[in-house]
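Shown next, in structure tokens, is the structure this report addresses.
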Amino acid sequence: MKLLAFMMQTGGHIAGWRHPRAADSALCDIDYFRKLGQTAERGLFDGVFLADYVGYHPVKGEAIFSGLETPKLDPALVLSVIAACTTHLGLVGTASTTYSQPYDLARRFASLDHLSRGRAGWNIVTSTMENEAHNYGRVAHLGHTERYALAEEFVAVARKLWDSWQDGAVPADKASGRYTDPSRISAVNHAGANFQVAGPLTVPRSPQGHPVLVQAGASATGQRFAASCAEVIFTSHPGIGTARAFRTAMHAQLAEFGRTPDSLKIMPAVTPVIGRTRAEAQDLQRELDGLIPADIAISKLEALLGNIDLSGHDRDGPLPPLPADALAGQNSTRDRVLELAARERLPITELARRVAAGRTSRTIVGTAEDVADELAAWEGQGAADGFVVAAPFLPGGLEDFVDQVVPILQERGHFRTAYEGRTLRENLGLQRPRNVFDVDPGMKAKPEIW
């Protein structure tokens, strides 16, 4: 079983920051992130996972200042801090293909991989919010299809850049005075629809070859994109049945790209709400849900459903039919919310609280044994290769999982008792990618400046 610790600043529950065992005003504190990383490594987690946006969720009025996943520091800098105080823990950071350039991003993650001695991972997102476009000088956000077409080219360029230095390109031979071997460094000379990149990168090939590629898109387009390049999928499912069906479908798509199931780890999100007894865990869940102001929950629901306006509808009544523009295009989050509303016939306020609390994915409420039982069942029944553990509040919720759930998983033989290797790839059981210029030497080209 593989485990990543989800480190959205508020935890896996939107009101988790208000819990007494959550950190006080620590979301920009270096010691806070050090402690989270060290706790995850003490629990032998494969890595930490930092989500990110380059804008704000479109919520109304004061709701934006009430813990709606802000503030957010730059993931690369936070992961560098964690790298310095850990030795084996993987470091997965989010970066957008829509609001980045391939050269900058490839350089950043290759640098992190070197400095962490092979522990970097890139969570590939295409971004979803209109105001992100406005922060980058664009009038409007790209459509779903356009974003994924851009992402495909972006990833292809990044891979070429990571390969532009072959292994052994830095002999650092003091006797001859030759630090690098230019015969093992190649131009990229990419000229595509969206990017023109000469290369080579300024960073030698890193310990993992490429950082581990992570992806979370659940739409049909997102799934196909993941099948083409992702090595880990972060996904959300309310139950074991949908998770198993998703994993089976993804394995079928892998075959279309000549890939095998062992080249992709599928890791659903879970939020464990742990108590000494089931009753205590249920009380904790009610306590956390009670900390979500109804106005904020509804504002988040409106945003997730396409910035609709629910102010004219009875909050104790059902969700009204959505306008046509809110239903346009592929939106996996919206579709999960609508499925939840229909399946459980939830009134608007309850639906909003459930969504705001993060319960479109699986929340396990119970004892440590209950949590371990369910995780083992999902893995054993082919629904998951591992899990992204979104503790409801930080750092206390992560400490509970490490101290109570991990030992049970270890005793039952479901989880490691020591790291298998030093790199994130080694611990996840993923192969180091071959260098494209080794596979096809004919692609090599002398950089234009030499």
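Where a number appears in this text, it was derived from the coordinates with a stated rule and is not lab data. Here the structure is a predicted model, which is why all the values come from computation and not from measurement. Methodologically, a virtual Cβ is constructed for each residue, glycine included, from the backbone with ideal geometry; neighbour enumeration extends over all protein chains shown.
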Scan around I364 for amide H atoms under 5 Å from its own, H built in the peptide plane at 1.01 Å from N, and keep only partners 5 or more places away or cross-chain. T271, V273
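Report the gain in length on full extension from E344 to L115: 0.36 nm times residue separation, minus Cα-Cα distance, nm rounded to one decimal.
On the way: separation 229, 0.36 × 229 = 82.44 nm, distance 4.82 nm.
Difference between extended and current length: 77.6 nm.
Give, as a single signed number, the net charge of other residues whose beta carbon lies under 15 Å from the beta carbon of D24, with Lys and Arg counted +1 and Asp and Glu -1. Could the numbers behind the result be given before it?
Working: positive: R18, R21, K35; negative: D29, D31.
Local charge sum for D24: +1.
Using 0.36 nm per residue of separation minus the Cα-Cα distance, give me the extension gain between T333 and H134 in nm, one decimal.
Values: separation 199, 0.36 × 199 = 71.64 nm, distance 2.24 nm.
In short, 69.4 nm is gained.
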To the nearest 20 debye, what charge dipole does the chain have about its Cα centre, counting +1 at the Cβ of each Lys and Arg and -1 at the Cβ of each Asp and Glu? 1000 debye
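Quick one: length gained pulling V439 to V170 fully straight, 0.36 nm per residue minus the C-alpha distance? Could the numbers behind the result be given before it?
Values: separation 269, 0.36 × 269 = 96.84 nm, distance 1.97 nm.
Answer, rounded to one decimal: 94.9 nm.
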Label-point separation (nm) for R278 and D295, each offset 7 Å from Cα along Cα-to-Cβ? 3.8 nm
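Kindly flag which residue pairs out of K35/K72; K72/K265; K160/K446; K2/K35 have an alpha-carbon separation exceeding 24 Å in this structure.
Values: K35/K72 17 Å; K72/K265 27 Å; K160/K446 14 Å; K2/K35 21 Å.
Among K35/K72; K72/K265; K160/K446; K2/K35, the Cα-Cα distance tops 24 Å for K72/K265.
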Taking the chain as a Gaussian network, where each spring joins two C-alpha atoms under 10 Å apart, which residue of H141, H19, H313 fluctuates the most? H313
Which whole-number percent gives the relative contact order of region 293-356, counting Cα pairs below 8 Å spaced six or more residues apart? 51 percent
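For a protection proxy built on the mean count of beta-carbon atoms within 10 angstrom, sort 398-406, 22-30 highest first, please. It would help to have the intermediate numbers written out before the result.
On the way: 398-406: 21.2, 22-30: 14.3.
Per-residue mean Cβ counts within 10 Å order the peptides as 398-406, 22-30.
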Please list, ordered by chain and number, the residues whose modelled amide H lies under 5 Å from the amide H of T235; skip anything fewer than 5 residues away on the same chain. M267, A269
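Would you calculate a helix-derived [θ] at 222 nm for the chain, using -39,500 (n - 2.57) for each DSSP H run of n ≥ 4 and dividing by the full residue count, to the nearest 500? Kindly include the intermediate steps, with their values, before the conclusion.
Working: 17 runs with 173 residues, N = 450.
Value at 222 nm, helices only: -11500 deg cm²/dmol.
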